[in-house]
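Dropping the structure in here first, questions after.
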Amino acid sequence: MKNIYRRTVMKQLAMGAFYAGLGIASLGVGSASAQQKAADTSPVRIGVLTDMSGLFADISGPGAVVAVKMAVDDFGGKVLGRPIEVISADHQNKADVGVAVAREWIDEKKVVMLADLMNSAVALGVMELAKAKDRIAIVNGASTSVITNEKCTPNSIHYTWDTYALARGTANAVVRRGKKKWAILEADYAYGHQLANDSRRFVEQVGGAVVSEIKHPINTSDFSSFLLQAQSSGADVIALANGGADTINSIKSAAEFGIGRDGKQQVVGLAINLNDTKALGLNSAQGLLLTEAFYWDRNDETRAWSKRFMEKFGKMPTSTQAGDYSSTMHYLKAVAAAGTLDAQTVMAKMREMPINDFFAHDGHIRVDGRMVHDMYLAEVKKPSESKGPWDFYNILETIPGDQAFRPLSESACPLVKK
């Protein structure tokens with residue numbers, strides 16, 4: 001009897017310990033669940049890192065922040081049941097500043113997606129950080145084509161344009177019109193060098209030749225000596241491989257010297273945007289050929305969205321700003337479809353989903369991160385042709401995406417299997 005009693009007591013104690021442990025375990029699960037639930041209500045943060053007041057502020061800048069916020073609002077302000085928060089900063093066109101801000105955002109503010117990334121050096125630095133931290137970087141502002149070539153990453157997307165597409169579209173069009181001898185005036189940094197290199201390649205492919213390359217410092221105020229070198233080179237075309245205020249100042253200087261007005265030489269902007277044309281005025285810019293990723297007055301869809309943007313920002317959108325909206329919306333749709341913020345899962349979903357909106361039809365993101373979409377060859381109107389304050393371009397032709405951007409067969413991206 002004593003043995004039976006002892007066994008019964010021991011069994012009861014064991015069962016009590018079991019249920020007590022179960023209770024503790026359940027409490028632990030409940031606690032973890034509560035913690036998870038609390039974590040799920042924290043904001044999903046998107047960081048817009050751009051040039052707010054410098055050379056490229058009119059291309060992206062504050063307008064990029066407006067565009068991203070518009071996309072968040074149009075999406076409904078929440079994803080995965082969590083509020084979406086947009087933060088922004090000025091990287092001052094310094095790669096070290098941009099990377100430091102991005103690192104703080106990721107480590108301290110838990111930013112999951114970095115947007116815009118105007119300035120090629122900044123973009124390349126932040127892309128590497130995003131890869132190391134397993135976050136997503138969507139480049140709209142910067143345009144060096146190495147972003148989806150030798151510097152590609154599994155965590156980055158190049159959305160709006162690149163130097164390959166800008167150079168190819170403009171070079172082909174100008175050489176076809178009989179202007180075969182080129183002088184290239186290039187900004188002396190990564191973006192300018194890449195745009196010049198891509199332009200030289202396409203000029204030579206279609207039977208032209210680059211007879212002079214002239215480098216100038218970024219943010220140059222006086223272009224007279226550089227333009228006179230280009231003018232004296234005997235070139236048919238003076239091509240500007242620069243951007244922002246440098247492009248505006250060089251075109252204004254060319255107009256002051258009468259370059260391009262005598263019919264002997266043509267000035268070509270390889271990276272002109274809408275606000276550049278606005279700043280120049282049609283008297284100075286008329287006749288310029290350029291390649292664009294987006295134009296506000298192309299169709300009913302582009303006009304409707306651009307009108308909304310202008311009501312919020314006071315200006316019509318540049319290609320970059322339109323791309324910031326479209327890419328943010330595509331990212332949020334992919335997060336919702338994937339049911340997670342995990343970077344690689346969302347990247348896979350973004351590559352899987354087609355892009356059909358006011359910015360692009362049948363757009364798609366390749367394995368190298370390139371978003372492939374149509375580009376447009378445009379000519380700046382004469383003042384007499386313009387019907388309003390933002391009526392600047394005649395669209396001469398549509399360049400299909402598979403002809404505009406570098407084919408994967410030519411890619412040096414290590415993610416591309418050949």
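Only the coordinates and a few stated rules stand behind these numbers; no lab work does. Computed from a predicted model, the values in this text were never measured in an experiment. Note that we place each Cβ from the backbone using ideal geometry, even for glycine, and neighbour counts take in every protein chain shown.
Average projected area of the Cα convex hull of segment 284-347, in nm²? Don't jump to the answer; show the numbers that get you there.
Values: hull surface 25.7 nm².
For segment 284-347, averaging the hull's shadow over all directions gives 6.4 nm².
So how tilted is helix 61-75 from the main axis of the chain? Cα-based, degrees 0 to 90, rounded to 10.
So the helix axis and the longest Cα principal axis differ by about 50 degrees.
To the nearest 20 debye, what is the magnitude of the charge dipole of the chain about its Cα centre, counting +1 on the Cβ of each Lys and Arg and -1 on the Cβ of each Asp and Glu?
Once rounded to the nearest 20, the dipole reads 1660 debye.
While we're on this one: If you put +1 on each Lys and Arg Cβ and -1 on each Asp and Glu Cβ, how big is the dipole of segment 85-185 around its Cα centre, in Debye rounded to 20?
860
Sticking with this one: How far is helix 319-338 tilted, in degrees, relative to the longest principal axis of the Cα atoms in the chain, given as a value from 0 to 90 rounded to the nearest 10?
20
Dividing the convex hull volume of the Cα atoms of segment 56-207 by its residue count, what figure in Å³ per residue is obtained? Write out the running numbers ahead of the final one.
Numbers: hull volume 19.4 nm³, N = 152.
Convex hull volume per residue, Cα atoms: 128 Å³.
Which whole-Hz couplings ³J(HN,Hα) result when phi for each residue of segment 282-295 is put into the Karplus expression 6.51 cos²θ - 1.76 cosθ + 1.60, θ = phi - 60°, listed in order with x for Gly and Pro?
5, 4, 7, 8, 3, x, 4, 9, 7, 10, 10, 8, 7, 9
May I pose another question? With +1 on each Lys and Arg Cβ and -1 on each Asp and Glu Cβ, how big is the dipole of segment 374-418 about its Cα centre, in debye rounded to the nearest 20?
180
What are the trypsin sites (Lys or Arg not before Pro) within segment 47-137 that DSSP puts in a loop, where the Cβ has at most 10 other Cβ atoms within 10 Å?
Hits after loop and neighbour filter: nothing returned.
Among Ala171, Gln403, Gly281, whose Cα lies farthest out toward the positive end of the dipole of the chain, if unit charges sit on the beta carbon of Lys, Arg (+1) and Asp, Glu (-1)?
Gln403
Right, something else. In segment 180-269, what trypsin sites (Lys or Arg not before Pro) fall in a loop by DSSP, with at most 16 other Cβ atoms inside 10 Å?
Answer by residue number: Arg261, Lys264.
List the GluC sites (Glu not before Pro) within segment 118-225 that DSSP assigns to loop and that have no more than 12 neighbouring Cβ atoms inside 10 Å.
Within segment 118-225, the qualifying GluC sites (Glu not before Pro) (loop, at most 12 other Cβ atoms within 10 Å) are Glu150.
If I stretch the segment between Asp74 and Glu410 completely, what's the gain in nm (0.36 nm per residue apart, minus their alpha carbon distance), one decimal?
117.2 nm
Give me log10 I(q)/I(0) at q = 0.22 Å⁻¹ for segment 260-314, Debye formula, one equal scatterer per alpha-carbon, no solvent.
Values returned for q = 0.22 Å⁻¹ are -0.94.
Take the alpha carbon atoms of segment 375-418, find their center, do the same for segment 213-257, and report the distance between the two centers in whole angstrom.
Between the Cα centres of segment 375-418 and segment 213-257 lies a distance of 23 Å.
Turning to a different aspect of this structure: I need the fraction of alpha carbon pairs in segment 231-326 separated by more than 15 Å, rounded to a whole percent.
63
Compute the helix-to-body angle for 245-256: its Cα long axis versus the longest principal axis of the chain, expressed 0 to 90° and rounded to tens.
Between helix and principal axis, roughly 10 degrees.
Something else: Hey, if you put +1 on the Cβ of every Lys and Arg and -1 on every Asp and Glu Cβ in segment 303-367, which of Trp305, Ala343, Ser326 ends up farthest toward the positive end of that dipole?
Going by the charge dipole, the pick is Trp305.
Now, a different point. Would you kindly calculate the translational diffusion coefficient of the chain, applying Stokes-Einstein with the Kirkwood radius from alpha carbon pairs, for 25 °C and a viscosity of 0.890 mPa s, and quote it in µm² s⁻¹ without decimals?
D, rounded to a whole number, is 107 µm²/s.
Which of rounded, prolate, oblate describes segment 181-261, given a ≥ b ≥ c as roots of the alpha-carbon gyration tensor eigenvalues and a/c under 1.5 marking rounded, otherwise prolate only if a/b is larger than b/c?
oblate
Continuing with this model, one more query. Does anything in segment 146-163 have its amide N under 14 Å from the 7 Å Cα→Cβ label point of Arg201, and if so which residues?
146-152, 162-163
Also, quick follow-up: What does the C-alpha gyration tensor say about the overall shape of segment 260-418? Classify as rounded when a/c is under 1.5, otherwise prolate if a/b is larger than b/c, or oblate.
Oblate shape, in that a/c is at least 1.5 and b/c is the bigger or equal ratio.
Something else now. Quick one: of Lys181/Lys215; Lys180/Lys252; Lys151/Lys278; Lys131/Lys278; Lys215/Lys315; Lys133/Lys307, which pairs are farther than 26 Å apart, Cα to Cα?
Lys151/Lys278; Lys131/Lys278; Lys215/Lys315; Lys133/Lys307
Here's a follow-up. Projected onto the charge dipole of the chain (+1 at Lys/Arg Cβ, -1 at Asp/Glu Cβ, origin at the Cα centre), which of Ile238, Asn197, Val122 gives the Cα projection farthest towards the positive end?
Working it through, the farthest residue towards the positive pole turns out to be Val122.
Need one number: convex hull volume per residue for segment 351-409, Cα atoms only, in Å³.
Working: hull volume 5.8 nm³, N = 59.
Taking the convex hull of the Cα positions in segment 351-409, it is 98 Å³ per residue.
Can you bin segment 144-293 into rounded, prolate or oblate? Criterion: square roots of the alpha carbon gyration tensor eigenvalues sorted a ≥ b ≥ c, rounded for a/c under 1.5, prolate for a/b above b/c, oblate for the rest.
Working: a/c = 1.64, a/b = 1.37, b/c = 1.20.
It comes out prolate by the Cα gyration axes.
Let me ask another. For Cα pairs less than 8 Å apart in space and 6+ apart in sequence, what is the mean separation divided by the residue count of the chain, i.e. the relative contact order in percent?
On the way: 808 pairs, mean separation 67.5, N = 418.
Relative CO of the chain lands at 16 percent.
Separation of segment 68-146 and segment 299-341 by C-alpha centroid, Å?
Here the two parts' Cα centres lie 16 Å apart.
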